[in-house]
Amino acid sequence: MATQLQFGRLGGLRAKLLRRYEHRPFVSCLTGLYACRWRRYERSCTQPEDCCCNKVEGACFGLLVASFCITLLFLYFWGQAKNDYNDFDWFNFGNLGFWFPWSMVLLVIAAAFFTYITVLMLLAVCLLSEGQRLHLHWSHKIGMVVSLTFSIAAIAVLSDLWSKEWTTLLLSFQVTAPYLHVGGVLLMTALAWPIALHFFRMNSRVRRALITGLYTSVLLAFYLVPLGLYSPCIKDKGTLGPPPALIGHRGAPMLAPENTLMSFEKAVEAGSEGLETDVTVSLDGVPFLMHDRTLQRTTNIHKVFPNRTKVPAAMFTWAELENLNAGSWFLSHNPFGTAGSLQAEDRQQAGNQSICSLQALLQLAAHTDRLVIFDLYRPPRGHPYRDTWIQRTLDVIQNQSSIQSSQVLWLPSDLRSLVQEMDPDLQQTSGSRLPLEELQSNHIVKLNLHYSAMSAQLISEYSAVNISTNLYVISQPWLYSVAWCTGVQSITTNAPQILSAMNAPLFLMSPDEYNVMWILTDLLSLILILLVFIFHRWRERGLAFCSGSKITVDNGTYSKFRTEMSDIWSVSSSNSQTEKMSNLASPVSQR
């Protein structure tokens, strides 16, 4: 009898351990947020043989998963495009006619939609983990459709207008993929709990096979992703080359108005080894620095010459250009969001900047021993120097400044052979990828390419024939890290003050370190998933056994199950009555 009582107690303890207690406040909160059903009796749970939802709600859940994936893709895509936000904002300025930081607005909207969809996903997964049916409220369904529509439309528009950014996305995978792999595996591991729960609660073999097949396929894909992964930053530190030299893009445009003397001085102070700019020839033959075709964006021409705002910059005399303010726009527009961090003295200096001449830039480069590279724009028709703009620029380099010709990276491709004859010491630079034979025949010593052309193989091939590579415009540390690991010799940047402070590439790790991270992540995930499935199998069988293979469902998550404690109580009561009967019978027998 004692053994039976002990067994009964152990059975009761087992039932107690296996019993799934209701989390009424927690489930009520989940249901209220997801389905806007705040009354307890409105909650409904799934029977063991049931699915988690009907067909309509199943389709909504599938759409929710798709929305999560697409909003995540767009947020990641736009987050990695931060390197080119300035170009995006000025593109919109050229089309809309007024300045506004549209890039940050788009980032905030993308983050808000992703956060909203992610919360809905977490609520759905938690409800599934609690065995609840899914009933997404109609307002959330509208919000989900709006989020999905916005993300798809934004991706389509940006792909059409800015297709190069997909290359940026692919480059970002080269450094973030190892960590995205870890995050993806952890996510799939967490999903094992609700999937295992519903797997063992389903009686339909077809549904079981569908769930396990889909989950296993995605999980296996995550496990094997590293086999096809390439990252230039997975390398031994001893094989890492020197950091790419920095060339200030129009100076240091985050610290001062672009293409002004102050901007180039700030670039020199920040550690730039070269200075990049854009050169236009004025109506009276003075080469000056201006990127845009007109003066609307970076000067106060609308105040000084209100009737000539759309006139090409080259159609102004140097005296007229000197009267324009080329710095006040920087403080009012704050294109990089950095103007507010400048000291009062720098703000005053920035607001008083004027258009810089090529001669002034060359003198600064000569005194500080910096390289100079520039785009040279041919004047429009009717300009007196339209056919002699190259000779006029060379004259400033050779006769009106003290710079050495070897400090100038000559980028213009027009009349290149004539330029070589006039000044053979110039470093001939090509802005396009040409066959090696053509590059060597033109005496090209450097390539100036967009960073989307970054390729370790390409750079290695050019380096083998003594042609270095400069990539533009790289301002984000992660992109600079990729260029560093790839072996790029120099980069043009808007942020020399940030990149010059980097002592090593981001995400740099050795192949052995990466293999350990990969294998341990997959192995730990597999062990946890197996334990989750084993636990659910053991618990569901135990619950069925302790409840006499009969499970009833009420308004809660799960009903309270009948345990063996009632049988134990029955046995105890029977023993007590037997002992009483024995005590009563004993005196009678003695008599």
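Mind checking which residues of segment 337-346 are open to solvent by 50 Å² or more (accessible area, probe 1.4 Å), within 20 Å of residue 265 (Cβ to Cβ) and of a type outside the set (A, V, I, L, M)?
If we filter segment 337-346 for residues that are open to solvent by 50 Å² or more (accessible area, probe 1.4 Å), which is where we start, we get 337, 340-341, 343-345.
If we keep only those that are within 20 Å of residue 265 (Cβ to Cβ) too, we end up with 341, 343-345.
Residues satisfying the conditions are 341, 343, 345.
Please enumerate the residues belonging to segment 233-258 that are within 28 Å of residue 520 (Cα to Cα) and either touching a helix residue (DSSP H, G or I) at 6+ places or on another chain (Cβ under 6 Å) or open to solvent by 60 Å² or more (accessible area, probe 1.4 Å) (or both). Show your work before the answer.
Here is the first cut: in segment 233-258, the ones within 28 Å of residue 520 (Cα to Cα) are 233-240.
Hits for segment 233-258 are 233, 234, 236, 237, 238, 239.
Any idea how many residues of segment 395-423 are in contact with a helix residue (DSSP H, G or I) (Cβ under 9 Å, 6 or more places away or on another chain) and free of Cβ contacts under 8 Å to residues at least 12 places away in the same chain? Working first, answer last.
Step one: filter segment 395-423 for residues in contact with a helix residue (DSSP H, G or I) (Cβ under 9 Å, 6 or more places away or on another chain), giving 396-398, 400-405, 407-408, 410, 412, 414-415, 418-419, 422-423.
Next, only the ones that are free of Cβ contacts under 8 Å to residues at least 12 places away in the same chain stay: none.
Number of matching residues: 0.
Filter segment 126-139 for residues that are open to solvent by less than 30 Å² (accessible area, probe 1.4 Å) and assigned to a helix (DSSP H, G or I) and give the result. Give the steps one after another, and end with the answer.
Start the filter on segment 126-139 by keeping residues that are open to solvent by less than 30 Å² (accessible area, probe 1.4 Å), which leaves 127-132, 134, 136.
Matches in segment 126-139: 127, 128, 129.
Report the residue count in segment 277-296 for those that are assigned to a loop (DSSP other than H, G, I, E, B) and either open to solvent by 40 Å² or more (accessible area, probe 1.4 Å) or of a type in the set (Phe, Trp, Tyr) (or both). So that I can check it myself, show each step before the final result.
Restricting attention to segment 277-296, the residues satisfying the condition of being assigned to a loop (DSSP other than H, G, I, E, B) are 282-286, 290-296.
In the following step, the residues that additionally are either open to solvent by 40 Å² or more (accessible area, probe 1.4 Å) or of a type in the set (Phe, Trp, Tyr) (or both) were identified as 283-284, 291, 293, 296.
Matching residues across segment 277-296 total 5.
Taking the residues in segment 382-415 that are more than 46 Å from the chain's Cα centre (by Cα) and of a type in the set (Asp, Glu) as candidates, determine which candidate is nearest to residue 283 (Cα to Cα).
This residue is 387.
Quick check on this structure: which one of 460, 481, 475 is hydroxyl-bearing (Ser, Thr, Tyr), in contact with a Cys (Cβ under 7 Å, 6 or more places away or on another chain) and either open to solvent by less than 50 Å² (accessible area, probe 1.4 Å) or modelled with pLDDT under 95 (or both)?
The unique qualifying residue is 481.
Counting just the residues of segment 24-63 that are among the small types (Gly, Ala, Ser) and modelled with pLDDT of 75 or more, which one comes out farthest from residue 123 (Cα to Cα)? Spell out the reasoning first.
Our first condition is that a residue be among the small types (Gly, Ala, Ser); within segment 24-63, this holds for 28, 32, 35, 44, 58-59, 62.
Of the ones still in play, those that are also modelled with pLDDT of 75 or more are 28, 32, 35, 58-59, 62.
Working: 28: 11, 32: 10, 35: 10, 58: 15, 59: 16, 62: 14 Å.
Selected residue: 59.
Could you check, for segment 223-232, whether at least one of its residues is open to solvent by 40 Å² or more (accessible area, probe 1.4 Å) and more than 31 Å from the chain's Cα centre (by Cα)?
Checking segment 223-232: not a single residue is open to solvent by 40 Å² or more (accessible area, probe 1.4 Å) and more than 31 Å from the chain's Cα centre (by Cα).
Considering every residue within segment 297-305, establish whether at least one is without any contact (Cβ under 8 Å) to a residue 40 or more places away in the chain, of a type in the set (Val, Ile, Thr) and open to solvent by less than 40 Å² (accessible area, probe 1.4 Å). It would help to see each step written out before you state the result.
Applying the first criterion (without any contact (Cβ under 8 Å) to a residue 40 or more places away in the chain) to segment 297-305 yields 300-305.
In the following step, the residues that additionally are of a type in the set (Val, Ile, Thr) were identified as 301, 304.
Now restrict to residues that are open to solvent by less than 40 Å² (accessible area, probe 1.4 Å): 301.
Yes, segment 297-305 has at least one match.
Those residues that are acidic (Asp, Glu) and crowded, with 20+ Cβ neighbours inside 10 Å, I need them from segment 261-276; list them, please. Working first, answer last.
Here is the first cut: in segment 261-276, the ones acidic (Asp, Glu) are 265, 269, 273, 276.
Matches in segment 261-276: 276 only.
Tell me the residue from 339, 326 that is of a type in the set (Gly, Ala, Ser), closer than 14 Å to residue 258 by Cβ and in contact (Cβ under 8 Å) with a residue 12 or more places away in the chain, please. Full working, then the answer.
Details: 339 fails: in contact (Cβ under 8 Å) with a residue 12 or more places away in the chain.
Answer to the check: 326.
May I ask you to verify whether residue 149 is in a helix (DSSP H, G or I), modelled with pLDDT of 95 or more and open to solvent by 70 Å² or more (accessible area, probe 1.4 Å)?
On the way: in a helix (DSSP H, G or I): yes; modelled with pLDDT of 95 or more: yes; open to solvent by 70 Å² or more (accessible area, probe 1.4 Å): yes.
The answer is yes for residue 149.
Name the residues in segment 152-206 that are of a type outside the set (A, V, I, L, M), surrounded by fewer than 15 Cβ atoms within 10 Å (Cβ to Cβ) and within 22 Å of residue 219 (Cα to Cα), would you?
179, 183, 205, listed by residue number.
Determine if segment 494-508 includes at least one residue that is outside any helix (DSSP H, G or I), modelled with pLDDT of 95 or more and hydroxyl-bearing (Ser, Thr, Tyr).
Checking segment 494-508: at least one residue is outside any helix (DSSP H, G or I), modelled with pLDDT of 95 or more and hydroxyl-bearing (Ser, Thr, Tyr).
Could you tell me how many of the residues in segment 362-384 are closer than 14 Å to residue 275 by Cα and in a loop (DSSP other than H, G, I, E, B)?
The qualifying residues number 2.
The values are calculated or read from the model by the stated rules, or taken from the named source; none is laboratory data. As the structure is a prediction and not an experimental result, all values here were calculated from the model. Every residue, glycine as well, gets a Cβ built from its backbone with ideal geometry; the counts of neighbours run over all protein chains shown. Areas reflect the complete protein model, heavy atoms only, side chains present, ligands, DNA and RNA absent. Shrake-Rupley method; radii C 1.70, N 1.55, O 1.52, S 1.80 Å.
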